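Notes follow the structure.
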Amino acid sequence: MINYIWGGFFIIGIIYSFITGNTEGINNEILTSASSSVNMILQILPIMCLWLGIMQIASDSGLIKKLSRKITPLITKLFPNIPPEHEALTLISSNIIMNMLGLGNAATPFGLKAMKSMQNLNKEKDTATRSMITFLVINTASVTIIPTTVISFRIIAGSTNPTDIVLVSIITSFLSCIVGLILDRLFYFLRRKKYATNL
Amino acid sequence: MQLISSLIIPTIVLVVIVHGLINQVNIFDSFLKGVKEGLKMTLDIFPTILAMIISINVLLKSNIIIDLTHVLSPVFKVINIPSDIIPLALMRPISGSSSLIIMNNILMTLGPDSYIGRVASVIQGSTDTTIYIIGLYFSSVGIKKIKYALSVGLLADLSCVIIALIMVSLFF
């Protein structure tokens, strides 16, 4: 997929610029873009390091585990098809808490383990279960508390208050997560007959 | 509201440090360990950023997105989405690094404290790469029939764009 997206951008961009006669711009762009990526990475680096440092403390002191345990009862309610006390619920909670704290990369292994654990409960191995879809909806709508990368880009763009979007971001991602969960429920009940054989 | 926003990060830092000290963690060592992790992670994403910047910028410089946006804007006007935000809204579910670069372009040209700049920041910060995550997670366990997962994921993304537009205009 990424092959087609990445290659497609080049192909479409270059051909379109040939058609519109904007070849000079494209020529410069290819040469100067590489150096702007170095600037970009230098912008992300300090905030990323700072935040991961703080979060390493939270992880070593057991704070992240504690928070994950706190939300497990709620998670149990959201996944009626997973038996209570099942390990999948703990994995899902950890994944959600880490995503919330902006630890996307650390969250992914837990997410993959959660999928595997849900797959063990699955009767039709090539078909998604209701629980898997609910999990992915929460995961992609991702309630993020600290959008670290966004903040670092706002600093560089010269924002007078780079973190002033934090509260709105939290509210927005929370609301869109709720919308996602409602849609998930809606689609499930509407299509239940069609997939009656599978949980 | 601005006050609450500016309190969130310091509060988290305070809670984490106090909790670490109470639990007798070597907080300084832990912090350094995390910083090293951050260095490694940033270096790991560097090739992706470089690759995506070049290809996105070639696409953007060809003006095809702007021309397409003009064609599509009547459609988005119906649901009240400003045309500046359309490229970001379209790329966000597909590729995290390319939407990040589009957001950066918006911040640089329209300003981080403009309405569109703030909406772009909120969209980038409050939703994830739906198509990528669905692909990665389902393929990791060999699921081929994903049923309604993609429809729900993309509709949630659209709702995020609309909510961001409303919330930013309410709060600022």
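Remark on A:THR127: its backbone amide H falls under 5 Å from those of B:LYS144, B:LYS145, a criterion applied only to residues 5 or more positions apart or on other chains, H modelled at 1.01 Å from N. In sequence order, the range A:133-139 has phi-based couplings of 5, 4, 4, 5, 5, 4, 5 Hz under the Karplus curve 6.51 cos²θ - 1.76 cosθ + 1.60, θ = phi - 60°, and Gly or Pro positions carry x. Ordering A:GLY180, B:VAL122, B:PRO82 by Cα displacement along the dipole of the protein assembly as shown toward the positive end leaves A:GLY180 in first place; charges were set at the Cβ atoms of Lys, Arg (+1) and Asp, Glu (-1).
In a fully extended conformation the segment linking A:ILE5 and A:LYS123 would gain 39.0 nm over its present Cα-Cα distance, using 0.36 nm per residue. To the nearest 500 deg cm²/dmol, what mean residue ellipticity at 222 nm is calculated for the protein assembly as shown from DSSP H runs of n ≥ 4 alone, each contributing -39,500 (n - 2.57), summed and divided by the residues? That comes out to -26500 deg cm²/dmol. Counting only alpha carbon atoms, the long axis of helix B:115-126 and the longest principal axis of chain B meet at about 60°. Go through A:PRO80, A:SER68, A:THR90 and say which Cα lies farthest out towards the positive end of the charge dipole of the range A:63-113; charges sit on Cβ, +1 for Lys and Arg, -1 for Asp and Glu. It is A:SER68. Look at the stretch A:28-36: the mean tally of other chain Cβ atoms within 10 Å of its residues' Cβ atoms is 5. Tell me the angle of helix B:64-78 to the major Cα principal axis of chain B, expressed in degrees between 0 and 90 and rounded to the nearest ten. The angle comes out near 90 degrees. Could you check the spin-label model distance between B:LEU154 and B:ASN63? Points 7 Å from the Cα along Cα→Cβ, value in nm. For B:LEU154 paired with B:ASN63, the spin-label model returns 3.0 nm.
Note on B:THR48 and B:SER140: the extension gain reaches 31.0 nm, defined as 0.36 nm multiplied by sequence separation minus the Cα-Cα distance.
Phi angles of the range A:70-84 translate, via the Karplus equation with coefficients 6.51, -1.76, 1.60 and θ = phi - 60°, into HN-Hα couplings of 4, 8, 4, x, 5, 4, 4, 5, 6, 10, x, 8, 9, x, x Hz per residue; Gly and Pro are given as x. Neighbouring Cβ atoms from other chains, within 10 Å of the Cβ of residues in B:84-93, number 0 on average.
Taking all Cα pairs closer than 8 Å and separated by 6 or more residues, the relative contact order of chain A comes to 19 percent. Straight-distance candidates among the aspartates and glutamates for linking to B:LYS77, with alpha-carbon spacing under 18 Å and chain neighbours fewer than 8 residues away dropped: B:ASP67, B:ASP157. Counting only other chain Cβ atoms within 10 Å of each residue's Cβ, the peptide A:58-71 averages 4.
Can you list the lysines whose alpha carbon sits under 21 Å from that of A:LYS77, skipping same-chain ones fewer than 8 residues off? Excluding near neighbours in sequence, the set is A:LYS65, A:LYS66, A:LYS113, A:LYS116. Take each peptide in A:112-118, A:38-44, count the other Cβ atoms within 10 Å of every residue, and average; sorted highest first, the result is A:112-118, A:38-44. Alpha-carbon geometry of the protein assembly as shown: the Rg and the Dmax are 21.0, 66 Å, given in that order. Tell me the label-point distance for the pair B:ILE166, A:ASN81, using the 7 Å Cα-to-Cβ offset, in nm and rounded to one decimal. A separation of 3.0 nm, rounded to one decimal place.
Positive-end ranking of B:HIS70, B:GLY96, B:PHE138 along the dipole of chain B, with charges on Cβ about the Cα centre, is headed by B:PHE138. Under 1.5 on a/c is rounded, so check that first for the range B:70-134, then, if it is not, pick prolate when a/b is larger than b/c and oblate when it is not; a ≥ b ≥ c are the square roots of the alpha carbon gyration tensor eigenvalues. The shape class here is oblate. Rounded to the nearest 20, the Cβ-based charge dipole of chain A about its Cα centre (Lys and Arg +1, Asp and Glu -1) stands at 1060 debye. Between the range B:1-48 and the range B:67-107, what is the C-alpha centre distance in whole Å? Between the Cα centres of the range B:1-48 and the range B:67-107 lies a distance of 32 Å. Dipole magnitude for the range B:80-172: computed about the Cα centre from +1 point charges on Lys and Arg Cβ and -1 point charges on Asp and Glu Cβ, it is near 400 debye.
Within the straight-line cut-off of under 20 Å between alpha carbons, the aspartates and glutamates reachable from B:LYS33 are A:ASP60, B:ASP44, sequence neighbours fewer than 8 places apart in one chain being disregarded.
Of the three principal axes defined by the Cα atoms of the range A:62-191, the extents in descending order read 54, 37, 26 Å.
Coupling constants for the range A:6-13 follow from the phi torsions by the Karplus curve (6.51 cos²θ - 1.76 cosθ + 1.60, θ = phi - 60°), and in residue order they are 4, x, x, 4, 4, 4, 4, x Hz; glycine and proline get x.
Charge dipole of chain B (Cα centre as origin; +1 on each Lys and Arg Cβ, -1 on each Asp and Glu Cβ, all else neutral): 380 debye, rounded to the nearest 20. As a length-normalised measure over Cα pairs under 8 Å and 6 or more apart, the relative contact order of chain B settles at 17 percent.
The numbers here are math on the coordinates, done by the rules we state, and not lab data. As the structure is a computational prediction, the values presented were derived from the model and not from experiment. Positions of Cβ are generated from backbone atoms using ideal geometry, with glycine treated the same way; all protein chains shown enter the neighbour counts.
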